[in-house]
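*Asks:* First the structure, then my questions, so here it is.
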Amino acid sequence: MQNFIKQTFNKIHLINYFTLHPRFYFLLLTCFICFNTSAKKIEKDKVILQLKWKNQFQFAGYYAALEKGYYKDVGLDVEIKEIVKAESTIDEVLNGKAQYGIGGAELVIHYMNGEPIIVLACILQNSPSSLLVKSSSNLNTLNDLLGKTIEIDKEQSGIEIIAMLLKEGIKSNQYKTLASSYSLNNLLANRVDAVEIYTSNEPFFLDKFGIPYKLFTPREYGINFYSDCLFTTRNEVERHPERVKKFRQASLKGWNYALDHPEEIANIIITKYQSTKTYEHLLFEAEEMRKLINPEFIDIGHCNKERWLNIVEVLSQQGLIKKHRTIDDFIYNPDYNYNVYTIRIFFVILSMLIIITFYLSYYTLKLRSDKNALTSQSENANKKVDNLIEEIRRLNSEINKLNSKSQGS
């Protein structure tokens, strides 16, 4: 009984030490700091950038950042992946197969539909997407396309072509569409009347072979979308805020270098990235990209909230956006503290500490109560033993008296 009471008392003393002694909380705080630091140390710096098309000068800034060591300088191991036709750049990033991707105005449609997308930088201030027809077709105005067949990517870059047509009062049921083949073959073979193109790409071939053409550019009709935007997910921004900031800065540094050294980067794209384009074609693309980026007047990667709101308005009029929410969470702010993940971990651990403290306090009180009960039981037992001993002594005394009388007689 006494040993059990002693053990119980020792348990209470131990719990009191941990729950009431400041070293207990210091120890737990140290464990949290070590855990957080260790997590950062073992955090993988290997990331994937998913392109929206094949290797070409359209993505020159990222090749430059990789080849000139800008990513390496900030501790990043970056893999640049071409897109496969069956893949969607947005899906690849949202599904975690890539941490970063390149997209256009369609990004804001996904965002408004609830997808956790954040735009880090808008590389092309003006979109290269245009509608091209052969001069020999005598299609001189957009209204001439009524009843004609247009080859277009309706899910991505084609949305601004559709917006341009709508602005001119041409609805989707007033012309036929064919899924984009990303070539001029159908146009040249007269299987379609117009084709969506990038001004930085297809005109090179037509100019080279002397085929006259006409362009309908959305900008001429008041539709001016961003294009080739670098984006990621909210999860990436919250869990790896420093990595996001470093990746963005290194990428923009790469773009500055690529625009200043187009010949060097064009050679790298051919030799290291096995581009199917010729050196001449890549330099044509570089010149057109520079016009669309406009680095002489606008910082590379600049995002304007009002322009995005205008894009949302245009896409809403098209019926492509039916849900709306604030756009503030869509545009990355490099000065904002996105380190929410660490804060969440801290509060989770703090909550656990509070629960543990309450549990230990409850257990301490219970043990104290058990100790008091055992002590009381022990005292009662001791009293009974003392009474029994006293009774035995009395009986022994009576027996002795009886024995004495018996011997006297």
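The values are calculated or read from the model by the stated rules, or taken from the named source; none is laboratory data. Keep in mind it's a predicted model, so treat the numbers as computed, not measured. Positions of Cβ are backbone-derived with ideal geometry, glycine not excepted, and every protein chain shown enters the neighbour counts. Just the protein is used for accessible areas: all its heavy atoms, side chains included, with ligands, DNA and RNA removed. Shrake-Rupley method; radii C 1.70, N 1.55, O 1.52, S 1.80 Å.
*Asks:* Give, in nm to one decimal, the length gained when the segment between Lys54 and Leu215 is fully stretched (0.36 nm per residue of separation minus the Cα-Cα distance). Intermediate results must be reported in sequence, preceding the final value.
*Replies:* On the way: separation 161, 0.36 × 161 = 57.96 nm, distance 2.36 nm.
Additional length available on full extension: 55.6 nm.
*Asks:* Then there is this: If I take R0 = 30 Å and measure r between the Cβ atoms of Phe205 and Lys305 in this structure, what FRET efficiency does the formula 1/(1 + (r/R0)^6) give, to the nearest 0.05? Intermediate results must be reported in sequence, preceding the final value.
*Replies:* Numbers: r = 38 Å, r/R0 = 1.25.
Efficiency, rounded to the nearest 0.05: 0.20.
*Asks:* A follow-up question, please. Provide the FRET efficiency to the nearest 0.05 for the Lys401-Asn380 pair, computing r from the beta carbons and using R0 = 30 Å.
*Replies:* FRET efficiency, Lys401 to Asn380: 0.40.
*Asks:* Can you compute the modelled spin-label distance between Asp329 and Lys176, with each label point 7 Å from Cα toward Cβ, in nm?
*Replies:* Taking the two extended label points, one gets 4.4 nm.
*Asks:* Whenever you get a sec, line up Phe205, Phe330 from highest to lowest accessible area (probe 1.4 Å, protein heavy atoms).
*Replies:* Details: Phe205 85, Phe330 0 Å².
Output order, biggest surface exposure first: Phe205, Phe330.
*Asks:* What are the ³J(HN,Hα) values, in whole Hz, obtained from phi via the Karplus relation 6.51 cos²θ - 1.76 cosθ + 1.60 with θ = phi - 60°, for each residue of the stretch 187-201 in sequence order, with x given for Gly and Pro?
*Replies:* Going residue by residue, I get 5, 5, 8, 6, 7, 10, 9, 8, 9, 6, 9, 9, 5, 8, 10 Hz, with x marking Gly and Pro.
*Asks:* Can you give me the distance in nm between label points at Glu263 and Lys97, each placed 7 Å from the Cα along the Cα-to-Cβ direction?
*Replies:* Going by the 7 Å Cα→Cβ label model, 3.9 nm.
*Asks:* May I ask you to compute the full-extension gain from Ser316 to Ile298, defined as 0.36 nm times their residue separation minus their alpha-carbon distance, rounded to one decimal in nm? Walk me through the numbers on the way to the answer.
*Replies:* Working: separation 18, 0.36 × 18 = 6.48 nm, distance 2.74 nm.
Result for the pair: 3.7 nm of gain on full extension.
*Asks:* Where does the charge balance sit around Asn310 when Lys and Arg score +1, Asp and Glu -1, over other residues with C-beta under 14 Å from its C-beta?
*Replies:* Every neighbour counted, the sum reads +1.
*Asks:* Pop the C-beta distance of Asp73 and Lys272 into the FRET formula with R0 = 25 Å and round what comes out to the nearest 0.05.
*Replies:* So the FRET efficiency works out to roughly 0.85.
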